[in-house]
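Novice: First the structure, which I've put down as C-alpha cells, then a few questions once you've had a look.
The values are calculated or read from the model by the stated rules, or taken from the named source; none is laboratory data. Being a predicted model, the structure only gives us computed values, none of them experimental. Cβ coordinates were reconstructed from backbone atoms using ideal geometry, including for glycine residues, and neighbour counts include every protein chain displayed.
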Amino acid sequence: MFNDGTTNNGATPNDQLLANSLTDSFFAFEPGFTGGVRVAAGRNLAAAGGDFAAFAAGPGGGPRVIVATDANNDFRLSDNLPAAESFFALEKTFTGGLFVAFGDVGSPSTNPELIVSADAGGGPRVVIFSDTNLNGRFADDAPVSSFFAFDPSYTGGVRLAYTRLSSANVGQSGELVTAPGTSTITLPVEVFKSTTNTGEVQAGDPPLSGFFPFGINYHFGYFVAFGGNGTSP
C-alpha cells in the first residue's frame, strides 16, 4: 500500500511520488497461493461513512473475499486483517477467480454495496452484497441481488466497475458497468441501473446501455474503470 500523506513506515510525505510512500505490505491470502489478488477500495460509501478495501482471489483460488478497514487510522491494513470479514461470495467449489468493486448502486447515501463477479470458468454471474445494518459487514445477510450480466451459457468471465453517471443529489442510484472477458463471441460492455433508480439491479433488469468500444469484431475482453474531471463523469 502507498500513501503520499504520511511518514508511516519511512514514507516521504507530500512529495508527489508514490514510489517513496510505501506504508504497508502483506499477504491477503496464503503465501503459497500464486493466482493473484484482485483489489477494490471504497471511501465514504454511505451516510454513516465507511472506508473499505476488498481482496478477492484470482484463478486457482476459492471464491473467498476479504473485506478490511483501517479501523485505527494508521494508514495500514495488515494490523486489521485478524478482524477482517472473510466469506465465500460464490459456491466454494468455484476456482476461476473473482472480480470485486465497491459502490452505492442502491438508493444513494444509505448502504454501501460490495459487487462480486465470476471470472472465466463460471457463468456470468454478478452478486451484490449490502451492508444493510451499517455494521461494516457485507455477508451477515443474504445477497440483495444476483443476476447474469450476459447469456447464462457464457463462461468467459465478467469484469466490473461502479459508476456515478447520475448525480447523487437527485435521489438516484449509481450505475454498474460489466465487461466480458476473452471469448469466442463478441459481447458488449453494458451499463446497468436499477429500473426504479432506487434499490439494486435485479435479475431481469435490462441494461441501460451497451456498446462495443473496439468494434463488433473484437472479442479479447475488456477491463473497465470509471472516473471524472471533477465536474463531469
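Novice: For the range 108-161: of the residues being under 23 Å from Thr69 (Cα atoms) and polar (S, T, N, Q), which is modelled with the highest pLDDT?
Specialist: Ser117
Novice: With a cut-off of at least 1 residues that are modelled with pLDDT under 90, name the strands (runs of 3 or more DSSP E) lying wholly within the range 1-99.
Specialist: Ranges flagged: 37-42, 52-57.
Novice: Then there's this: Considering only residues that are out of contact with any Phe, Trp or Tyr (no Cβ under 9 Å at 6 or more places or on another chain) and among the aliphatic types (A, V, I, L, M), which ones fall in the range 14-28?
Specialist: Correct list: Leu17 only.
Novice: Additional query: So which residues in the range 195-233 are modelled with pLDDT of 90 or more and of a type in the set (Asp, Glu)?
Specialist: Once the filter is applied, which keeps residues that are modelled with pLDDT of 90 or more and of a type in the set (Asp, Glu), the range 195-233 yields nothing.
Novice: Next question, about the same structure. Might you check whether a residue that is polar (S, T, N, Q), part of a strand (DSSP E or B) and modelled with pLDDT of 90 or more occurs anywhere in the range 178-188?
Specialist: yes
Novice: Please determine whether any residue of the range 60-73 is touching a residue at least 40 places away in the same chain (Cβ under 8 Å), more than 19 Å from Ala161 (Cα to Cα) and not polar (S, T, N, Q).
Specialist: So far as the range 60-73 goes, no, none of its residues is touching a residue at least 40 places away in the same chain (Cβ under 8 Å), more than 19 Å from Ala161 (Cα to Cα) and not polar (S, T, N, Q).
Novice: Do we have any residue at all in the range 89-105 that's buried (at least 17 other Cβ atoms within 10 Å of the Cβ) and acidic (Asp, Glu)?
Specialist: Checked the range 89-105: at least one residue is buried (at least 17 other Cβ atoms within 10 Å of the Cβ) and acidic (Asp, Glu).
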